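Step one of this worksheet: look at the structure below.
Bear in mind these aren't lab numbers, they're just calculated from the coordinates by the rules spelled out. Values in this document were obtained by computation on a predicted structure and should not be read as measured data. Cβ coordinates were reconstructed from backbone atoms using ideal geometry, including for glycine residues, and neighbour counts include every protein chain displayed.
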DNA sequence: TTGAAAGCGCTAACAT
DNA sequence: ATGTTAGCGCTTTCAA
């Protein structure tokens, strides 16, 4: 945690070693294109190499007034949804020779603003926030204020979510995806559904729920409020919600879990109850690691890595006049977990 | 990517607003404990709040000669093995109010040294490297040299792997875990094994393979070289290796894949071949997201989050006289994927 | 207790 | 083409 500020090779050491001025050394090592005689340049480069010189990024940042740092804020890096998006962000960052700094909010909305403040202090060039989906007014306001301050100081911001704040956004078509899914499931013959709806107040979950309900309504398939159970956005949350739903003694043909991770928990619960073959299960996201569960999970595929890439690309591109948004649609993937019901 | 260096509230703005000197403002806002009159302190704090002042971390780092940044180098953040360890690192970082910057090497060993150099430039306080498991001499040497330079400039380093370099290390007992696993499988009655061995040159994989072989040898169970197939450390790698193994026409009772992700690919291949019920499958890691595959996977559980925590804790603690190491053992978990064979 | 001023390592005018 | 030097925003002696 502490470090001795002594040693650490500086540009001055390099300049001295190469027998040139500080400015020349700077130009040769970090500066713009040729303005320095090749032989000198080489001498400096050799000195730098020999001394294992690494430019002090803080000093460069101060002098240049700009950073090479990208901040990424996710809810939980251990959740494959976020780690895939993070992979996309990191890929683009690397291509642009930028460093990415990740913060995990552990699903606590108030943490987001805190991290933005920290990144603002670090003079990050850009911030990407994934999953700012709360409906807590206070947290959202504070986040908005921090983001404004960040942008005012020259930083750029992109959100991955629905549009909630006036900044660049990659909008995930959760509602449309869930709507399509509902239509497909009805096409398979299912008529009586249950929904494992994720936590209240999480907008991603809410959008998927309401999209699914719209889809059902569009085909005049009823959904009793009693058939909707809220739960954590995790495997265990899905398991618990499924148990609760089963406990309500409803006649179920198919269950929609608002994400794959919950769906897997639900499948485990159904299996334990001996119902895994009689009740269909569908999820959302198409998490890569979960593509091999059996029966294979019907879901809505989201191009998560591409979403991450798109977010950082948007934020690194020339700013638009106002906040822009880019819409990403999901694609329904039918698999064995919803074999369908023969028309009776 | 570019940013206007203008605006952005500075400490000077705060000082002016509060009508005090720069030094006083510094002491009041960021400095050590009380040395400033309460009423003044409050005035400064209020000014800071109103202006939404966020201290420039680069400037602080320069002035203080030390950073609050932790670098984390992993092979692939999308792989749950790494994202779980990352979660552990981030948890400890947050507890110590440190920022973590993640780099993904995409499994290219030469990238590691490059990232260390970058982190050295950023004057990171500490670096944690997970999965530096190559046996490429050149890459390892270059990494060692970079790490030495980093430590010389006051940084601290921890590795998660076996001891390869003279730095603090969290040693994962891959060999012992695989050995235990072999013994357990033999206890279940299996006698003819296949191994999906991961890429050549990846030491984690090599250790698990040799540990497993030791375990078999200990019980005098033979393993033909022909029954060992190398493949990528991924789901598809496991799938391909399993296909290859099946193609060799051996009589298999049980397959050990050197990690869970490969094991899942192998199970898919077996299922497609109609052999999923006749051939046992075991993995390694006990990846959380994979705990619900069916049949449930026999594996060696590794406390991944704790490993990440341990690594950062070690590196943030007072340095020892020399490189320290902390050993983490895995625990065999038998599940349905290896039902065993009745003694004949 | 508070203020003035000297750096921290580097870049970018401005001179030469 | 190269060198000199004034900052970048902050911390921290050293004086007052």
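Observations on the structure shown:
- Acute angle (nearest 10 degrees) that the helix B:137-152 long axis makes with the longest principal axis of chain B, alpha-carbon atoms: 30 degrees
- Label point 7 Å beyond Cα along the C-beta direction, distances from residue B:138 to other copies (nm, shortest first): 5.9
- Rounded tilt (10° steps) of B:80-95 against the dominant C-alpha axis of chain B: 30 degrees
- Kirkwood Rh, angstrom, the stretch A:104-226 [1 / mean 1/r, Cα pairs]: 16.1 Å
- Cα-based Rg / Dmax (Å) for the stretch B:194-251: 11.4, 32
- Using only the C-alpha atoms, the convex hull of the stretch A:22-72 corresponds to 98 Å³ per residue.
- Between copies, the label points at residue A:271 (set 7 angstrom from Cα along Cα-to-Cβ) are spaced 1.0 nm, reported in nanometres from shortest to longest.
- Spin-label pair residue B:23/residue B:138, simplified geometry with 7 Å Cα→Cβ offset, distance in nm: 5.6 nm
- Principal axis dimensions, the stretch B:102-145 - Cα atoms, whole angstrom, descending: 28, 20, 13
- Sorted by Cβ density within 10 Å, fewest first, the residues A:83, B:161: B:161, A:83
- Our helix-only sum for chain A, with -39,500 (n - 2.57) per DSSP H run of n ≥ 4 divided by its residues, gives a mean residue ellipticity at 222 nm of -14000 deg cm²/dmol.
- 0 to 90° range, to nearest 10: angle between helix A:304-316 axis and chain A longest Cα axis: 40 degrees
- Mean projected area of the convex hull spanned by the Cα atoms of the stretch B:174-302, taken over all viewing directions: 6.7 nm².
- Counting only the Cα atoms, the stretch B:245-341 fills a convex hull of 117 Å³ per residue.
- Share of pairwise Cα separations in the protein assembly as shown, more than 50 Å, in percent: 19 percent
- Using C-alpha pairs under 8 Å with a sequence gap of at least 6, the mean separation divided by the residue count of chain A gives a relative contact order of 17 percent.
- Cβ-based exposure ranking for A:35, A:111, in which fewest neighbours within 10 Å come first: A:35, A:111
- What the Cβ-Cβ distance of residue A:200 and residue A:250 gives, at R0 = 25 Å and to the nearest 0.05, is a FRET efficiency of 0.75.
- Cα-derived Rg to Rh of the stretch B:5-145, Kirkwood definition: 1.14
- In plain terms, the residue of A:312, B:22, B:252 with the fewest other Cβ atoms within 10 Å comes first and the most crowded comes last, giving B:22, B:252, A:312.
- Each listed q (0.33 Å⁻¹) maps to a log10 I(q)/I(0) for the stretch B:43-90, found by the Debye formula over equal Cα scatterers with no solvent: -1.09.
- Fraction of beta bridges assigned by DSSP in chain A that are antiparallel (%, nearest 5): 10 percent
- Fraction of alpha-carbon pairs over 36 Å apart in chain A - percent: 36 percent
- Most fluctuating residue given options B:283, B:322, B:131, as computed from a GNM of chain B linking Cα atoms under 10 Å: B:322
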